[in-house]
Amino acid sequence: MDTLLGIMAALRDPEKGCPWDREQDFGSIAPYTIEEAYEVADAIDRDDLAELRDELGDLLFQVVFHAQMASELGAFNFGDVVQAISEKMLRRHPHVFGAEQILTAGDQHTAWENIKAGERAAGGDTSAVAGIGQALPALSRASKLGKRAARVGFDWPEIDGVIAKMHEELDELLAARTTGAPAAVEEEIGDLLFTAANLARHLHVDPEHALRAANRKFERRFRAVEALLKEAGSDWSMKSPEELDQFWQTIKAGERGT
């Protein structure tokens, strides 16, 4: 860590540092931090541990970068970041570092959420949906909002209610489409996606993980269609939508057969 902190300080040195690193601020670096977190998740999805090691290093460097900039402002340094998270983990695990006893993972989850709720209340916001990051991916945030609301009883009691809501939102989207009002269509698309995230929650599926998998599947099949077109000496413009769909169905059937 000392070596890494020294590298970061050198990169930000006002006289001998890197011009690009010197001109960055929290706002300009934040997108890179988010990107590195996604790359960590991608390495985990692909079960690539060598890549995970490298991506965790990239993410750690982002933490060091932000801490260095804060240190230059006299706000906090990397040691303060480590101390803060250490204190938080000690506080949130009294059954490990204190006298409390928790026997199951379910009990621990309940205790964890109660402790977090107490911390939010101490900060002045007592809402059940307080503290859910605005910058989270929209599907993840929708799922978290639904979970928090469910804890206080604001939820569909059965999954059939969520499915009925999905049909309702789709009908409202189709109705909005007939009006030709873009804002209304966008709103109804948002409602449909929000309900889909809650349907995933009721089915115990992470919507972000599911959508990432669907994206990878689409890309894989699309590339396979491109390969078939190339093999046939053709291109997109030479095939009808029906012919392209037949290529797609061929790829799908081949995947099922493997």
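Every read-out reported here was derived from the displayed coordinates using simple, explicitly stated rules and does not represent laboratory data. Since this is a predicted model, take the numbers as computed values, not measurements. Every residue, glycine as well, gets a Cβ built from its backbone with ideal geometry; the counts of neighbours run over all protein chains shown.
What is the dipole size for segment 162-252, taken about its Cα centre, with +1 at each Lys and Arg Cβ and -1 at each Asp and Glu Cβ, in debye to the nearest 20?
Numbers: 12 positive and 17 negative charges, 121 e Å.
Result for segment 162-252 is approximately 580 debye, rounded to the nearest 20.
For segment 86-195, calculate the relative contact order in percent as a whole number, restricting contacts to Cα pairs under 8 Å that are 6 or more residues apart.
Values: 53 pairs, mean separation 17.8, N = 110.
16 percent.
Which of the peptides 42-48, 160-166 is most tightly packed, and how do the rest follow, going by the mean number of other Cβ atoms within 10 Å of each residue? Each step should come with its number before you reach the end.
Working: 42-48: 13.0, 160-166: 14.7.
In descending order of packing, they fall as 160-166, 42-48.
Take a quick pass over segment 104-230 and tell me how many lysine pairs come in under 25 angstrom between Cα atoms, counting only ones 8 or more apart or on separate chains. Show your work: numbers first, answer last.
Values: K116/K144; K116/K147; K144/K165; K147/K165; K217/K230.
Close lysine pairs found across segment 104-230: 5.
Calculated FRET efficiency, V152 and E15, Cβ-Cβ r, R0 51 Å, to nearest 0.05?
Details: r = 56 Å, r/R0 = 1.09.
For R0 = 51 Å, the calculated efficiency reads 0.35.
Net charge near A183, counting Lys/Arg +1 and Asp/Glu -1 over other residues with Cβ under 14 Å of its Cβ?
-4
Computed over the Cα atoms, what is the radius of gyration of segment 209-257 divided by 2.2 N^0.38 Å, N being its residue count?
Values: Rg = 11.6 Å, N = 49, 2.2 N^0.38 = 9.7 Å.
Dividing the Cα radius of gyration by 2.2 N^0.38 Å gives 1.21.
Mean separation of Cα pairs under 8 Å and 6+ residues apart, divided by the residue count of the chain: what relative contact order is that in percent? Display every interim value, and only then the final one.
Working: 147 pairs, mean separation 24.9, N = 258.
Taking the mean separation of contacting Cα pairs over the length of the chain, I get 10 percent.
Calculate, for E186 and N77, the FRET efficiency according to 1/(1 + (r/R0)^6) with r their C-beta to C-beta distance and R0 45 Å; round to the nearest 0.05.
Working: r = 44 Å, r/R0 = 0.97.
After rounding to 0.05, the efficiency reads 0.55.
Take the chain, drop everything but the C-alpha atoms, weight them equally and run the Debye formula without solvent; then report log10 I(q)/I(0) at 0.07 Å⁻¹ to two decimals.
Evaluating at q = 0.07 Å⁻¹ gives log10 I(q)/I(0) of -0.43.
For segment 144-151, take each phi angle, set θ = phi - 60°, evaluate the Karplus expression 6.51 cos²θ - 1.76 cosθ + 1.60, and give the result in whole Hz per residue in order, putting x for glycine and proline.
5, 4, x, 4, 5, 5, 5, 5
For S240 and A210, what does the FRET efficiency come to when R0 = 45 Å and r is the distance between their Cβ atoms, rounded to the nearest 0.05? Each step should come with its number before you reach the end.
Values: r = 32 Å, r/R0 = 0.70.
Efficiency at R0 = 45 Å is approximately 0.90.
Which of T250, T104 comes first, and how do the rest follow, when ranked by fewest Cβ neighbours within 10 Å? Numbers along the way, then the final one.
Details: T250 14, T104 8.
In increasing order of surrounding Cβ atoms, one gets T104, T250.
In nm, to one decimal, how far is the modelled label at N114 from the one at L136, with both set 7 Å along Cα→Cβ?
Distance between the two pseudo-spin positions: 2.2 nm.
Sequence-distant or interchain residues sharing an amide H contact under 5 Å with H93, placed H: which?
Correct list: empty.
HN-Hα J couplings of segment 40-46 from phi, Karplus 6.51/-1.76/1.60, θ = phi - 60°, integer Hz, Gly and Pro as x?
Karplus-based 3J(HN,Hα) across segment 40-46 equals 4, 4, 5, 4, 5, 4, 8 Hz.
For Cα pairs less than 8 Å apart in space and 6+ apart in sequence, what is the mean separation divided by the residue count of segment 1-82, i.e. the relative contact order in percent?
Details: 52 pairs, mean separation 21.5, N = 82.
RCO, segment 1-82: 26 percent.
P(r) for segment 127-205, please, calculated from all Cα pair distances in 5 Å bins and given in %.
Cα pair-distance distribution for segment 127-205, in percent: 3, 16, 22, 22, 18, 13, 6, 1.
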